[in-house]
Amino acid sequence: MTDFFKDISPLAYAPGSADLAFRHYNPDEVIASKRMEDHLRFGVAYWHSFAWPGGDPFGAETFQRPWFGDTMDLAKMKADVAFEMFDLLNVPFFCWHDADIRPEGDSFAESLRNFEEIIDYFGTKMQTSKTKLLWGTANLFSHRRFMSGAATNPDPEIFAWSAATVKACMDATHKLGGENYVLWGGREGYETLLNTDLKRERQQAGRFLQMAVEYKHKIGFKGAILVEPKPQEPSKHQYDFDVATVYGFLKEFGLEGEVQMNIEQGHAILAGHSFEHELALASSLGIFGSIDMNRNDYQSGWDTDQFPNNAPEVALAYYEVLKAGGFTTGGTNFDAKLRRQSLDPVDLIAAHAGAMDVCARGFKAAHAMLEDGTLEEMRNARYAGWDSAGGKTLLDSDLATIAAQVASDPIDPQPRSGRQEILENIVNRFV
């Protein structure tokens with residue numbers, strides 16, 4: 001045990017408590033024959049909670065954690081603190097990048113040894129903790145070698161390094177019983193067309209993803225392969241801009257049946273969408289998998305990765321998750337970080353507890369809306385004409401036949417209200 005979280009007790013569901021507690025999240029509350037914990041499947045992001053030093057584009061780190069450093073002993077201390085926090089919050093899952101959990105070595109082989117040693121240490125920690133691995137992933141964006149991308153890099157040696165890193169991370173995820181493996185193309189994009197071969201880079205990215213899928217089947221990994229769309233940042237033009245863009249990419253390389261989406265609220269906002277839009281589109285395309293839950297500052301032009309605090313927004317997101325059938329291997333990972341001024345250990349606990357409460361409130365509202373059924377009834381009524389005999393045959397017809405029918409049996413279609421304000425009022429009854 002460390003003393004980082006000293007004097008902080010494990011959190012409990014205590015709605016009336018003035019102390020640090022859950023006021024809305026009750027993991028054992030049963031909703032639709034399933035415990036809330038099993039619906040929401042919360043995960044803690046290792047990188048933001050334990051590796052991020054509190055810097056921003058205009059200032060250096062503000063956090064001074066006792067485990068910051070480049071030794072294996074400090075990496076193990078970080079793991080000790082992490083699992084203590086998992087236990088305090090009673091969370092079922094966590095997630096990592098390789099670079100979050102091990103020191104960078106002087107060579108690939110040394111970094112790999114460090115990584116494998118920490119993975120074994122995680123395995124030991126997990127034997128006495130309820131917290132499991134939601135997903136692992138490779139950091140192919142932070143080190144300067146990735147400044148021009150990983151899979152899309154013009155240097156084939158960087159491609160090879162990246163492929164070897166992903167293999168190691170997939171092996172580790174499989175070893176720890178991870179339920180998914182995520183690929184996030186942090187620098188898979190370009191900054192100027194003057195030095196970029198778009199066609200070549202897309203082909204490299206497509207083959208790289210095919211290799212990951214092939215390796216999944218080779219090692220017998222049963223979890224989902226997830227791609228996480230992100231626009232604009234850090235590259236000016238990201239190839240994985242949004243769900244629609246990624247789906248087109250998957251179709252091009254024959255991967256739409258093999259890969260699902262890990263969708264982040266902040267990335268949806270950067271793409272000019274709402275979170276619920278991206279979730280609904282992924283569901284409609286059959287590629288919904290998991291979510292990164294956070295929020296963006298709507299007055300900023302970058303990904304601020306703040307903890308969620310808007311229950312109505314969260315409710316609309318979980319409404320789409322529930323309509324998609326809920327999570328299977330996926331979950332709610334908090335890809336969120338403290339503000340630079342939130343220095344104390346209790347801030348880290350309070351941030352997650354508050355976010356879990358907001359998600360619980362939103363989820364319960366979403367479930368109530370779906371159970372009520374009014375929104376779906378009104379949606380179905382709006383499209384009822386397509387279920388009539390004429391509507392069902394229309395899309396199988398052709399322009400000439402349709403034109404002849406309209407000429408012989410004149411119609412006079414009139415616009416009908418979309419009733420948006422009424423629908424919004426219905427939502428407001430629940431949130």
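The values are calculated or read from the model by the stated rules, or taken from the named source; none is laboratory data. Everything numeric in this text was worked out from a predicted model, so none of it was measured. Please note: Cβ atoms are built from the backbone with ideal geometry, for glycine as well, and neighbour counts cover all protein chains shown. Ligands, DNA and RNA are stripped out before the accessible areas are found, and what is left, the full protein with its side chains, is counted by its heavy atoms. Shrake-Rupley method; radii C 1.70, N 1.55, O 1.52, S 1.80 Å.
To the nearest 0.05, what FRET efficiency results for Leu395 and Lys251 with a Förster distance of 22 Å applied to their C-beta separation?
Working from the Cβ atoms, E equals 0.55.
Using a 7 Å offset from Cα along Cα-Cβ at Ile411, what residues in segment 381-399 end up with backbone N under 16 Å from the label point? Answer for segment 381-399: 382-399. Express in % the proportion of alpha carbon pairs of segment 18-108 at distances exceeding 14 Å. When all Cα pairs of segment 18-108 are counted, 73 percent exceed 14 Å.
Please give the peptides 289-300, 97-108 ranked by average Cβ packing (other Cβ atoms within 10 Å per residue), highest first, as a rough proxy for protection.
The most tightly packed comes first, giving 289-300, 97-108.
Share of carbon and sulfur in the accessible area of segment 320-431 stands at 52%, probe radius 1.4 Å. From the square roots a ≥ b ≥ c of the eigenvalues of the alpha-carbon gyration tensor of segment 194-268, which class results: rounded (a/c under 1.5), prolate (a/b over b/c), or oblate? Judged from the Cα gyration tensor, segment 194-268 comes out oblate (a/c at least 1.5, b/c at or above a/b). Once both labels are positioned 7 Å from their Cα atoms along Cα-to-Cβ, the gap between Leu193 and Ser284 label points is 2.9 nm. Evaluated at q = 0.10, 0.16, 0.20 Å⁻¹, a Debye calculation over the C-alpha positions of segment 143-256 (equal weights, vacuum) places log10 I(q)/I(0) at -0.28, -0.73, -1.13. Taking the accessible area of segment 1-125, probe 1.4 Å, and keeping the other protein chains in place, the carbon and sulfur fraction comes to 49%.
Compute the length gained on full extension between Glu376 and Ala32: take 0.36 nm times their separation in residues and subtract their Cα-Cα distance, giving the result in nm to one decimal. Numbers along the way, then the final one.
Numbers: separation 344, 0.36 × 344 = 123.84 nm, distance 1.80 nm.
Contour length minus the Cα-Cα distance gives 122.0 nm.
Sorting 117-130, 332-345 by their mean Cβ neighbour count within 10 Å, with the most densely packed peptide first, gives 332-345, 117-130.
Near Pro10, once Lys and Arg are set to +1 and Asp and Glu to -1 for all other residues with Cβ below 15 Å from its Cβ, the sum equals -4. Kirkwood hydrodynamic radius of segment 229-388, from the reciprocal of the average inverse Cα-Cα distance over all distinct pairs: 16.9 Å.
Surface analysis of segment 188-320 yields an accessible area of 43 Å² per residue, using protein heavy atoms and a 1.4 Å probe.
Annotation: amide H-H contacts under 5 Å for Gln232 (H modelled 1.01 Å from N, sequence separation of 5 or more, or interchain): Gln238. Just to confirm a number: summing +1 for Lys and Arg and -1 for Asp and Glu over residues other than Pro308 whose beta-carbon lies under 12 angstrom from that of Pro308, what do you get? Charge balance near Pro308 sits at -4. One entry in (1) 21.3; (2) 25.1; (3) 43.6 is mean projected area of the Cα convex hull in nm² calculated from the shown coordinates; its label is (2). In whole angstrom, note down how far apart the Cα centers of segment 1-80 and segment 307-344 are. Centre-to-centre distance over Cα atoms comes out at 15 Å. With the helix formula -39500 (n - 2.57) applied to DSSP H stretches of n ≥ 4, the chain reaches a computed 222 nm mean residue ellipticity of -14000 deg cm²/dmol. Distance between the C-alpha centers of segment 232-274 and segment 358-372? Whole Å please. Each part reduced to its Cα centre gives a spacing of 27 Å. Per-peptide packing, taken as the mean over residues of other Cβ atoms within 10 Å, places 65-76, 136-147, 262-273 in the sequence 262-273, 136-147, 65-76 from highest down. Farthest toward the positive end of the dipole of the chain, out of Tyr121, Ala353, His24, is the Cα of Tyr121, where the dipole comes from beta carbon charges about the Cα centre. Distant-in-sequence amide contacts of Ile291, defined by a placed amide H-H separation under 5 Å and a gap of 5 or more residues or a different chain, comprise Ile263, Gly331, Asn333. Couplings 3J(HN,Hα) of segment 405-419, computed from phi: 5, 5, 6, 7, 10, x, 10, 9, x, 10, x, 10, 4, x, 6 Hz, in residue order, whole Hz [Karplus 6.51 cos²θ - 1.76 cosθ + 1.60, θ = phi - 60°; x for Gly and Pro]. Find out how many positive minus negative residues lie around Asp240, taking Lys and Arg as positive, Asp and Glu as negative, among other residues whose Cβ is under 9 Å from that of Asp240. Combined, the nearby Lys, Arg, Asp and Glu give -2.
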